[in-house]
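The values are calculated or read from the model by the stated rules, or taken from the named source; none is laboratory data. These numbers come from a predicted model, not from an experiment. FYI the Cβ positions are ideal-geometry reconstructions off the backbone, even for glycines, and counts take in every protein chain you see.
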Amino acid sequence: MADRRVGWILVASVGLLLSSGLYLLAQQRDSIQRNAAASALDVARGLEASISARLLQSVASLRGMVADLADDPGPAERIEQVLRTASRYDPLSAWLGWTDEQGRVLMVDRAGARASPAQEKALAALLEQPPAQGVGLQPLIQMPGEEQWLMPLSLRVDARSQVFALVRAARFADGAESLKLLPDSRVALVAADGRRLLRFGNAGGRLEANGPPLSPERMGELRTRSSGTLRFDSALYPGQQLAGYVQSASLPLYVAVVLPESALDALWLRDLIGPGLVLLIGLGGIVVFAVLLRGALRKQQQALERQRYLAEHDALTGLLNRDTFWRRLAEMIDRSGGRRVGVVLFDLDNFKAINETLGHVVGDQVLVEIGRRLQQLAASQGLLVARVGGDEWSVAAGDVEDRASVERLLARLDADLGQGLRVDELELELSSTMGIALCPDDAQNALDLLRRADIALHAAKDEMKRVVRYEPAMDQFSAEALALRSEFARALREDALEQVYQPKVRLSDGALVGVEALARWTHPQRGPIPPARFVPLAENSELIHAFSRAMLGLALAQAARWRDAGHRVPVAVNISANNLLDAGFVEMLRALLEQHRLAPDLLELEVTESAVMRHADLALRRLQALRELGIKLSIDDFGTGYASLSYLKRLPVQALKIDQVFVREVERDDADQRIVRSSIQLAHGFGMVVVAEGVETQAAADLLQAYGCDFAQGYHYARPLPAAEVEAKWLSGASAAA
Ligand code: C2E
Ligand code: CA
Ligand code: CA
């Protein structure tokens, strides 16, 4: 683009310079020619003056002789006497003579000596008729045996005789030095009737006499003015000729100075060298300038492109950066036409450790390799990939219509990232945690989609899960969540929360062994809000303390009422990770137990696997303190987190609750069966009892019993029920089994 502009500027400026240069040169040629023509005219004037002056000397002699001979020429002796007298006063005429129509000739030289008969005879052949009037100009002649040309001038004496003077033509060239100023110039003397009398050049000075007559047109041109300049084609010389001419005032004669234009052009060309060189240097300068300019522009453009690239890409891996990813994602959503777009945000679980133990160089190599794999994946699957943070990556896919395609994408990512990675002789195993969000299901635009994938990723980390799909409940900062939280806080303050109780039964005989207390909130306008919606609001804020305290208070009060009614019903309460971190939690529980005068073994606390893993050491100490109070503990949602077996073994926990996802379809799913069976064996190995959650069918119950599972909870036995219903349906007969 810039290149082409420079090209145009170059062409334009070269064109401009060239045309103005050529214009100036043409002007110069023109002015050289005009000057030369003017000079030729000047020289012609000077020559005409000197030639006419010379000839007039001879004409004066002729006039004198005519005056002497006019009445009666007398005998030859007298004529000779007249001639001799005239010659004495005439320093210029080479010969003076007389002739008549019979061909008699008398001629004397400047010294007054008579010419030879041969010489006189030569003259007789030339001068026939006397000129009718004025001075006659005859063709030039050479005396027998002589080289030099003589110009005869004659004047009529009477009808039969005339006098003549012969002037040495070479003398005309005497005043012609100024011709040298004009290259290759020559002088021509032309008679008024067009006869070319004489021509001589400035080189060598050779005379040529009696050339062919001028064309009538040329003569016509000459006659229009008494002096001037002409340009014409010559019959005798090649090329255009330039002439300055003057008509003699006193004689029927033109003096012309002629020079060929080609000689001027040579002159012009010589003069051209200087400005021509300057022009060439100028052109060269422009070209050099343009080349340099183009180079500079190219560099600038490359720098700009590089800058743009850097602005859009991550310098280390060459993947897109976060901003650019976001923009491209927005375009992808625009183009999707309502089809589902998915974003997977993930980070590497062990990257921090790799960086710290192996150093940043290795860390960078790992990132570069991950970047390379993602780029390959992106190219083959048409994905959008970016590095959005230190070890955080983002993948967007436009073809995730159904759950299966999301799973396929995740499997592919897993397979790519899971492949061992060699760095510096080291084989590294990488795993990652992923958050997923889908558009339009979870968000309507790119920014929200990214933010929600981020929220899902954090939820996955918090819950120690490998993959988590976004749920609105995770989003603590949406306007709706904020409103809901403040309403939830009010409900807490106003003791508007209620509790329901889900029976837990022994598999062997179906006897009630306890209940799980579950929170219920009925929003004044919106009706029942599911715990999955409000519990996270509490868990992620200070509200968790008041919430857990309220739930524990309700549960203990209920357990105390049942005890007072003669039923021994252990109540299980769910607590969060943050409760375990709370230094006053154990003390608060002791106080509550005391307040209700409740035996601690009627209370059971359920803590999720991921909650204990989050701050493993502290959690372990708290659980031990709780255990010392005599409270029962169980691990909730077992199987969804990452708890390591060696850690689990150390926990002072009596029960393991296998998560519902493995139980609900256990009679149909081989993988679930394996997980459930091995969880049961594991728990028993650690001396724990096992509760299966989410038992919905008799078949599941049978299978679990066959596996040796101890207790079960689920819709198959009972939904979470208000206390009165528990009493009506479960406590009306005997008291609960211990
Ligand atoms: P959770 O502790 O795993 O509680 C069991 C959940 O599974 C309950 O949902 C219960 O209604 C449901 N459930 C029981 N049997 C079945 C079944 O056969 N099939 C199916 N599909 N579901 C069954 P709920 O009451 O909606 O509670 C959801 C979650 O909310 C609880 O999961 C627990 O994590 C949390 N939660 C509820 N109440 C409290 C509370 O007081 N404190 C704390 N910290 N968390 C609570
Ligand atoms: Ca629970
Ligand atoms: Ca559970």
Go over the candidates Lys632, Lys657, Lys729 one by one and state the one that is out of contact with any strand residue (DSSP E or B) (no Cβ under 6 Å at 6 or more places or on another chain) and among the basic types (Lys, Arg).
-> Lys729
If Met551 passes every condition in (1) out of contact with any Gly (no Cβ under 7 Å at 6 or more places or on another chain); (2) more than 16 Å from ligand 3 (Cβ to nearest atom); (3) in a helix (DSSP H, G or I) but one, which one does it miss?
-> (2)
Neighbours by Cβ (under 8 Å, 6+ apart or cross-chain): first from region 558-577, in contact (Cβ under 8 Å) with a residue 12 or more places away in the chain; second assigned to a helix (DSSP H, G or I) and among the hydroxyl-bearing types (Ser, Thr, Tyr) = Val573/Ser548; Ile575/Ser548; Ser576/Ser548; Ala577/Ser610
Filtered residues of region 495-530 (kept if within 19 Å of Leu556 (Cβ to Cβ) and of a type in the set (Asp, Glu)) = Asp495, Glu498, Glu516
Yes/no for Asn574 being within 29 Å of Ser541 (Cα to Cα) and within 16 Å of ligand 3 (Cβ to nearest atom) | yes
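For region 152-175, check the following and say yes or no: at least one residue is at positive phi and not in a strand (DSSP E or B). I'd like the intermediate steps shown before the answer.
Initial filter on region 152-175 (at positive phi): none.
Among the residues of region 152-175, not one is at positive phi and not in a strand (DSSP E or B), which makes the answer no.
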Residue satisfying all of: in region 517-540; modelled with pLDDT under 90 and within 16 Å of ligand 3 (Cβ to nearest atom); surrounded by the fewest Cβ atoms within 10 Å (Cβ to Cβ) among these | Ala532
For region 581-611, the count of residues that are in contact (Cβ under 8 Å) with a residue 12 or more places away in the chain and either more than 16 Å from ligand 3 (Cβ to nearest atom) or polar (S, T, N, Q) (or both) equals 20
Say whether the condition of being under 60 Å from the mean Cα position of the chain (by Cα), in contact (Cβ under 8 Å) with a residue 12 or more places away in the chain and assigned to a helix (DSSP H, G or I) is met by at least one residue in region 42-51.
-> no
The lone exception for Tyr647 - which of (1) within 16 Å of ligand 3 (Cβ to nearest atom); (2) assigned to a helix (DSSP H, G or I) it fails | (1)
For residues in region 597-614 being under 26 Å from Thr433 (Cβ atoms) and in contact with a helix residue (DSSP H, G or I) (Cβ under 6 Å, 6 or more places away or on another chain), which is farthest from ligand 2 (Cβ to nearest atom)?
-> Arg614
Look through Val513, Val468, Val505 and report the one residue that is over 22 Å from Val573 (Cα atoms) and either assigned to a strand (DSSP E or B) or within 16 Å of ligand 3 (Cβ to nearest atom) (or both).
-> Val468
For region 602-618, what are the residues that are within 15 Å of ligand 1 (Cβ to nearest atom) and part of a helix (DSSP H, G or I)?
-> Glu609, Ser610, Ala611, Val612, Arg614
Filter result for Leu297 (more than 24 Å from Gly220 (Cβ to Cβ), more than 52 Å from the chain's Cα centre (by Cα) and in contact (Cβ under 8 Å) with a residue 40 or more places away in the chain) | no
Could you identify the single residue in Arg668, Arg614 that is without any contact (Cβ under 8 Å) to a residue 60 or more places away in the chain and either surrounded by fewer than 21 Cβ atoms within 10 Å (Cβ to Cβ) or more than 19 Å from Val515 (Cβ to Cβ) (or both)?
-> Arg668
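Look at Val653 and say whether it is within 29 Å of Gly584 (Cβ to Cβ), assigned to a loop (DSSP other than H, G, I, E, B) and within 16 Å of ligand 2 (Cβ to nearest atom).
Working: within 29 Å of Gly584 (Cβ to Cβ): yes; assigned to a loop (DSSP other than H, G, I, E, B): yes; within 16 Å of ligand 2 (Cβ to nearest atom): yes.
Yes; evaluated as a whole, the condition is true for this residue.
Could you run through region 677-701 and say how many residues are within 16 Å of ligand 1 (Cβ to nearest atom), modelled with pLDDT of 95 or more and either basic (Lys, Arg) or under 13 Å from Ile658 (Cβ atoms) (or both)? Show your work before the answer.
So the first thing to find is which residues in region 677-701 are within 16 Å of ligand 1 (Cβ to nearest atom), and the list is 679, 690-701.
Still in the list and also modelled with pLDDT of 95 or more: 690-701.
Filter once more, so that each one left must be either basic (Lys, Arg) or under 13 Å from Ile658 (Cβ atoms) (or both): 690-695, 700.
The total comes to 7.
Considering only residues that are buried (at least 17 other Cβ atoms within 10 Å of the Cβ) and of a type outside the set (A, V, I, L, M), which ones fall in region 467-481? Outline the logic, then answer.
The first filter runs over region 467-481 and keeps only residues buried (at least 17 other Cβ atoms within 10 Å of the Cβ), leaving 467-470, 473-475, 481.
Passing the criteria: Arg469, Tyr470, Asp475.
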Among the candidates Gln713, Gln660, which residue alone is within 60 Å of the chain's Cα centre (by Cα), surrounded by 13 or more Cβ atoms within 10 Å (Cβ to Cβ), within 16 Å of ligand 1 (Cβ to nearest atom) and within 27 Å of Val500 (Cβ to Cβ)?
-> Gln660
(1) in a helix (DSSP H, G or I); (2) buried (at least 20 other Cβ atoms within 10 Å of the Cβ): which one isn't true of Pro130, the others all being true?
-> (1)
Could you please find all residues in region 4-19 being of a type in the set (A, V, I, L, M) and either touching a Ser or Thr at 6+ places or on another chain (Cβ under 8 Å) or without any contact (Cβ under 8 Å) to a residue 60 or more places away in the chain (or both)?
-> Val11, Ala12, Leu16
Check region 643-651 and report whether any residue there is in contact with a strand residue (DSSP E or B) (Cβ under 9 Å, 6 or more places away or on another chain), more than 22 Å from Arg466 (Cα to Cα) and at pLDDT below 95.
-> yes
Residue, nearest to ligand 3 (Cβ to nearest atom), within region 677-702, restricted to residues that are more than 21 Å from Leu633 (Cβ to Cβ) and not in a loop (DSSP other than H, G, I, E, B) = Ala700
Among residues of region 514-552 being within 11 Å of ligand 1 (Cβ to nearest atom) and of a type in the set (Gly, Ala, Ser), the residue farthest from Asp637 (Cα to Cα) is Ala550
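Yes/no matrix, rows are residues, columns are (1) modelled with pLDDT under 85; (2) part of a strand (DSSP E or B); (3) within 17 Å of Ala44 (Cβ to Cβ):
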{"residue": "Leu198", "(1), (2), (3)": "no, yes, yes"}
{"residue": "Ala203", "(1), (2), (3)": "yes, no, no"}
{"residue": "Asn210", "(1), (2), (3)": "no, yes, no"}
{"residue": "Glu217", "(1), (2), (3)": "no, no, no"}
{"residue": "Glu221", "(1), (2), (3)": "no, no, yes"}
What pairs can you find where one residue is in region 25-40 and closer than 12 Å to Leu272 by Cβ, the other is in a helix (DSSP H, G or I), and their Cβ atoms are less than 6 Å apart, with a gap of 6+ or different chains?
-> Arg29/Trp268; Ile32/Leu264; Ile32/Trp268
Residues satisfying the stated conditions in region 116-162, i.e. in contact with an Asp or Glu (Cβ under 7 Å, 6 or more places away or on another chain) and closer than 21 Å to Arg54 by Cβ | none
Would you check which residues across region 223-249 are touching a strand residue (DSSP E or B) at 6+ places or on another chain (Cβ under 9 Å) and in a helix (DSSP H, G or I) and list them?
-> Arg223
